[in-house]
Amino acid sequence: MISPTDFRLMYIHNNSDPGEATTIISGFLQAGGRWVQLRLKQASTAQRLEIARLILPLCQPFQATLIMDDDVDAAKAAPTHGVHLGKRDMPLKEARKILGPKAIIGNTANTLEDMLTQAKQGADYIGLGPFRFTQTKTNLSPLLGLQGYQDIMSGFRQIHPYFPVCAIGGILEEDIPILMQTGISGIAISSGISQKTKPEKTTQQLLQVFP
């Protein structure tokens, strides 16, 4: 079961340099972050495994969750706690067969229809976005903006009041309070942490903003 407190801030790491990954994620965890996703698009499965196996021991003392983006094989081999699947990735049912019933499997969504389908198929959480333009992701779906989140979450919460939903895509610290009011469960941030000189201090500041 996903802890609401742990899920409220997800750090998405997208640099395949092992040293940088260790430094930033260590700071995130020390500051109270408890959810890490490795989104290593340009890396090989071997490189993803190398980094995941460096990060897992860092997560364990904090009982933090480590998710692998896209790569089901790497998620199983590491093993991470689960995988996040985009629209063009392996179908959820197939990933579930490979990873087993205890694995956490998240899905990307851009519409209410996406979310309802993914919840029905057995996703454990949904990453809804993008909120605004972000350079960390190519082939962006249509931007949702605040109004989009309000409209989609209003419909989704009528059917799934407690289902974990994470907002993603160019989110800044000042966006967090108003986005949390739309009914989402948490926020995913990448460059807002990784591009700061002090990831631990930045994470502390972000966590303090949550209502």
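For this structure, a couple of remarks:
- L85 being more than 15 Å from the chain's Cα centre (by Cα) and either more than 19 Å from A123 (Cα to Cα) or at pLDDT 95 or above (or both): no
- Answer residue from region 173-211, given it is exposed (fewer than 13 other Cβ atoms within 10 Å of the Cβ) and modelled with pLDDT under 95 and is nearest to T5 (Cα to Cα) among those: P211
- Between Y162, Y149, the distinction of being modelled with pLDDT of 95 or more and under 19 Å from W35 (Cβ atoms) belongs to Y162 only.
- Options G192, G183; residue that is out of contact with any strand residue (DSSP E or B) (no Cβ under 7 Å at 6 or more places or on another chain) and outside any helix (DSSP H, G or I): G183
- Positions within region 1-26 being surrounded by fewer than 14 Cβ atoms within 10 Å (Cβ to Cβ) and either outside any helix (DSSP H, G or I) or among the charged types (D, E, K, R) (or both), in sequence order: M1, S3, D17, E20
- Beta carbons closer than 7 Å, at least 6 apart along the sequence or on distinct chains, pair a first residue in region 109-121 that is closer than 15 Å to I184 by Cα with a second that is surrounded by 15 or more Cβ atoms within 10 Å (Cβ to Cβ) and modelled with pLDDT under 95 for N110/S141.
- Scan of region 148-164 for residues that are of a type in the set (S, T, Y) and crowded, with 19+ Cβ neighbours inside 10 Å, ordered by number: Y149
- When each of R53, R34 is tested for being free of Cβ contacts under 8 Å to residues at least 60 places away in the same chain, surrounded by fewer than 19 Cβ atoms within 10 Å (Cβ to Cβ) and not polar (S, T, N, Q), the lone residue that passes is R53.
- Qualifying positions in region 147-180 - part of a loop (DSSP other than H, G, I, E, B) and more than 12 Å from P130 (Cα to Cα): H160, P161, Y162, F163, P164, L172
- Count of region 60-74 residues which are outside any loop (DSSP other than H, G, I, E, B) and surrounded by fewer than 20 Cβ atoms within 10 Å (Cβ to Cβ): 5
- For region 69-95, the set of residues classified as among the β-branched types (V, I, T) and under 14 Å from L56 (Cβ atoms) consists of T80 only.
- Among the residues of region 37-50, just one is in contact (Cβ under 8 Å) with a residue 60 or more places away in the chain and either assigned to a helix (DSSP H, G or I) or in contact with a Phe, Trp or Tyr (Cβ under 8 Å, 6 or more places away or on another chain) (or both), namely Q37.
- You will find that of K93, K102, the residue that is of a type in the set (K, R), assigned to a helix (DSSP H, G or I) and either in contact with a Ser or Thr (Cβ under 6 Å, 6 or more places away or on another chain) or loosely packed, with under 15 Cβ neighbours inside 10 Å (or both) is K93 and no other.
- Looking only at region 86-108, and only at residues there that are without any contact (Cβ under 8 Å) to a residue 24 or more places away in the chain and in contact with a helix residue (DSSP H, G or I) (Cβ under 6 Å, 6 or more places away or on another chain), the one that is nearest to R34 (Cα to Cα): I105
- Against the test of being outside any loop (DSSP other than H, G, I, E, B) and either at pLDDT 95 or above or surrounded by 13 or more Cβ atoms within 10 Å (Cβ to Cβ) (or both), the options T136, T117 yield a single qualifying residue, T117.
The values are calculated or read from the model by the stated rules, or taken from the named source; none is laboratory data. Predicted model, so just to flag it, every value in this text is computed and none were measured. Ideal geometry is used to build each Cβ from the backbone, glycine not excepted, and the neighbour counts take in all protein chains shown.
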